[in-house]
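The values are calculated or read from the model by the stated rules, or taken from the named source; none is laboratory data. Computed from a predicted model, the values in this text were never measured in an experiment. For neighbour counting, all protein chains shown are included, and Cβ atoms are generated from backbone atoms with ideal geometry for every residue, glycine included.
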Amino acid sequence: MAKKILIKPVITEKSEKISSKYNRYTFVVDKKVNKIEIRKAVEDMYGVSVVSVNTLVMPAKMITRSTKAGVAKGRKSAFKKALVTLSGGDEINFYGDI
């Protein structure tokens, strides 16, 4: 069974601004993969050429919210993000033909 390297793209205002200005796209990736595997996965899936890959592990956070039954406490697990910089003419269209 092949492991899933790219879990999902990060689509936020900040990531959209970075992608339009620097041609850099953000993905949530499996915590156990390295930069070379991320590069190959992006190139295979989207058919683009990758210049560089930067990774960071986002730490876990404690979450507290108020409900009718009282205060609910929980934990948001840690995850790994990858910032993928593409070469000049390449671009990834996450939205398709909307």
Please specify each residue of the range 41-50 satisfying the condition of being under 22 Å from Thr12 (Cβ atoms) and outside any strand (DSSP E or B).
Ala41, Val42, Met45, Tyr46, Val48
Checked Ile11, Ile38 against criteria (among the aliphatic types (A, V, I, L, M), in a helix (DSSP H, G or I) and within 13 Å of Leu83 (Cα to Cα)); the one match is Ile38
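Quick check on Ile98: is it at pLDDT below 95 and in contact with a helix residue (DSSP H, G or I) (Cβ under 7 Å, 6 or more places away or on another chain)?
On the way: at pLDDT below 95: yes; in contact with a helix residue (DSSP H, G or I) (Cβ under 7 Å, 6 or more places away or on another chain): no.
Here the answer is no, as Ile98 does not meet what is asked.
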Is it the case that the range 62-69 has a residue that's part of a strand (DSSP E or B), aliphatic (A, V, I, L, M) and over 18 Å from Phe94 (Cα atoms)?
yes
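Here's the yes/no breakdown for (1) closer than 19 Å to Gly96 by Cα; (2) free of Cβ contacts under 8 Å to residues at least 12 places away in the same chain; (3) of a type in the set (A, V, I, L, M):
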| site | (1), (2), (3) |
| --- | --- |
| Ile11 | yes, no, yes |
| Lys17 | yes, yes, no |
| Lys31 | no, no, no |
| Thr64 | no, yes, no |
State all residues of the range 25-35 that are buried (at least 17 other Cβ atoms within 10 Å of the Cβ) and assigned to a strand (DSSP E or B); if no residue qualifies, say none.
Tyr25, Thr26, Phe27, Val29
Checked the range 12-45 for anything aliphatic (A, V, I, L, M) and more than 20 Å from Ser77 (Cβ to Cβ); matches are Ile18, Ile36, Ala41, Val42, Met45
Kindly indicate whether any position in the range 48-62 is surrounded by fewer than 11 Cβ atoms within 10 Å (Cβ to Cβ) and free of Cβ contacts under 8 Å to residues at least 12 places away in the same chain.
no
Check on Val53, touching a Lys or Arg at 6+ places or on another chain (Cβ under 9 Å), closer than 27 Å to Ser20 by Cβ and not in a loop (DSSP other than H, G, I, E, B)
yes
